[in-house]
Every structure is written in structure tokens, then in C-alpha cells.
Amino acid sequence: MKNYLCNRLFHRLSGTLVIRASTNSSITGLACCSILYPSPRYSGQLHIKELYVSQSARSKGIGKSIMQFIARLALQRECRSLSWNAEKSNSGANSFYQSLGGKVNDDIVSYALHGEGLNKLALYGSAEPCNPGD
């Protein structure tokens, strides 16, 4: 775990902001996020990759406090949007995000490659450039 934290999560090139909430010197919540700059037209987008509040600390305002902090950070960094993902099956998280005013974005489909699919694309995918008319 120490190796992962030092060489991945907290590495100077990771681009990950780690935000923690603590109560009485115990960590009760954690968020990992990054600011993305898709194009000058869209300015910045702060994207939350993970938000976790310990089971014993849920429903005590910690998640909301973390989200408010991140929203303020987004505005300070002149981001035009704040985004995050939630599993459809996690009704508690979805209810929480909706209570904050979060809206489901039906315009975007989230894709992912894992394991063999990622290996297949990396090793056997075409490296040739596409023609604009294709």
C-alpha cells in the first residue's frame, strides 16, 4: 500500500488531487479528483473519480462537505463543470448526488476496457492513422 500511495497516487505526475475529511484525527472521508482541460472553449472540468465516506460516518454531512469543498475548488480554478460517476446499482449514492442537485447526463455513454479487452486493443489494435473521409 505504501508503494502504491507514494509511487502512484501521490506521485507528482499523477494529476490526482486527494481530499480527505477527518473527525477527531480519524479519516472519515476521501475523494480523488482531477482537473481536465478538454479544450480552451470548455475551460476546465473538475472530475471526481472516487468519493468515499466511511460507513460509520455516513448521513452526518461529511459527503456533502467534501462535495461543497470540491465545488468551491472547481470555481476557484475557473472550471465550468463538475462531474462524477456513480454505479447505477448504488441507490444510496445516487440519492445523495441527486439531493445535491446532480443531474444524470443522458448525452454521454461511459466506456471502459479492462483486462483482456485492454490488452487486445493495446497489442493488436491498428496503429495506422485514419483518413478523415473514412
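Of the residues making up the range 24-50, just one is closer than 14 Å to TYR97 by Cβ, among the hydrophobic types (A, V, I, L, M, F, W, C) and in contact with a Cys (Cβ under 8 Å, 6 or more places away or on another chain), namely ILE48. Residue check: THR23 meets all listed conditions (1) in contact with a strand residue (DSSP E or B) (Cβ under 6 Å, 6 or more places away or on another chain); (2) β-branched (Val, Ile, Thr); (3) open to solvent by 30 Å² or more (accessible area, probe 1.4 Å) but one, namely (1).
Go over the candidates LYS88, LYS64 one by one and state the one that is surrounded by fewer than 11 Cβ atoms within 10 Å (Cβ to Cβ) and of a type in the set (Lys, Arg). Result: LYS88 is the single residue among LYS88, LYS64 that is surrounded by fewer than 11 Cβ atoms within 10 Å (Cβ to Cβ) and of a type in the set (Lys, Arg). Among all positions in the range 47-54, there is at least one residue which is more than 22 Å from ASN105 (Cα to Cα) and open to solvent by less than 80 Å² (accessible area, probe 1.4 Å). Among the candidates ALA122, ALA93, ALA71, the residue that is within 23 Å of LEU9 (Cα to Cα) and either at pLDDT 90 or above or open to solvent by 50 Å² or more (accessible area, probe 1.4 Å) (or both) is uniquely ALA71. Please go through the range 74-84 and pick out each residue that is touching a Ser or Thr at 6+ places or on another chain (Cβ under 7 Å) and surrounded by 12 or more Cβ atoms within 10 Å (Cβ to Cβ). If the condition is that a residue be touching a Ser or Thr at 6+ places or on another chain (Cβ under 7 Å) and surrounded by 12 or more Cβ atoms within 10 Å (Cβ to Cβ), then CYS79, ARG80 are the ones that fit. Selection of the range 109-119 for residues being open to solvent by 90 Å² or more (accessible area, probe 1.4 Å), under 15 Å from the mean Cα position of the chain (by Cα) and not aromatic (Phe, Trp, Tyr) yields only SER110. Just one of the numbered conditions (1) within 25 Å of ILE19 (Cα to Cα); (2) open to solvent by less than 40 Å² (accessible area, probe 1.4 Å); (3) at pLDDT below 95 is not true of SER39: (1).
The values are calculated or read from the model by the stated rules, or taken from the named source; none is laboratory data. Being a predicted model, the structure only gives us computed values, none of them experimental. FYI the Cβ positions are ideal-geometry reconstructions off the backbone, even for glycines, and counts take in every protein chain you see. Surface accessibility is based on the protein's heavy atoms, side chains included, excluding ligands, DNA and RNA. Shrake-Rupley method; radii C 1.70, N 1.55, O 1.52, S 1.80 Å.
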